[in-house]
Amino acid sequence: MKKHTLTLGRNAGGAGVPSDLLVEGVGALLEGARRATLFFFEGASSGPGARPAWLEAACRVEITALRSSTYELELHAPTLAEAVPERFGAVDRVAHVVDPMRTVSAADTAVDLFGCVLVDAIHGAGERLWVDLPLLDSCVRFARVAQAGLGAIELSAGEPPATIAVDADDYVRLEALRAQASRSTAVRVVGILQDVSAVTPTAALLVGEDAAVAVHFDASDRVRWGDLLGGRVLISGRARFLPSGKVLVIEAEYIAPAQVSDELFASLPRSLDQPVATQREHATSRRSTFFPTWPGTETDEELLAELKRIR
């Protein structure tokens, strides 16, 4: 078992913490830990049906102490290797199913995984920020506890343990991230179908030489997806994007063997909501050479003089 702490409010003093915020803080942490763990190892942080038994074992967090003077809860959680030895006990590190270049220590806990997601989401990880919408919902829920008047909510996680402080400003930042991630776009993509999961309705699509994207499909179509494994396919559906504009996942609605005419779609789309980079005008730019004076830049004296001239 590994120790963590959850501190509710930097400025709580002796005023006490409202019971509803205490319950919400613990609930948000447990939900975030479950979703982060499921996302890391199954590719989706939520889904239909009962939670798998291995997930329940990995997320069995115990509250072992409550220090009223600081409103700090002491928590203990099993490491991945302790909780699910048949899956994580034989290795030191486990690959992130969505981002195979990233690995997770078998000595981490579900709380550590959620802490990692929080840090990436709050501080920005660019192309390396891997989250889906339900997991971002959990981050927002956790931060809302701080925004509700506690000043901050702090979690110790990681190895070596570090304190992750989440405050009201972070809540605003996470809300903005969630709003961006909630948008989806209709897409068609051609690639090689790989890694159709035998457990969850997920697969990977290799687009180009090394660009792989996660795909979710209807569980009732598993046989058809299995039949097309290893082939070049056309997938249509809706894409959800990372804050960087990169595709996070494609929610597939249709799949078929790719035809020659489909090769137009042999590249990954990017979000259309990304801000357009603009360059400020300066004295030597081409446009300002043709139009050296812009409306509204005249002084009052110049404007009055021109009005007198045209009378």
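Bear in mind that the values in this text are calculations on the coordinates, not laboratory data. Quick caveat, the model's predicted, so the values are computed rather than measured. Because the Cβ atoms are built from the backbone with ideal geometry, glycine has one as well, and the counts that use them run over all protein chains shown.
Numerical summary
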read-out	value
Reciprocal of mean inverse Cα separation for segment 184-265 (Kirkwood radius, Å)	12.6 Å
LEU133 versus GLU86: modelled label distance in nm, points set 7 Å from Cα along the beta carbon direction	3.4 nm
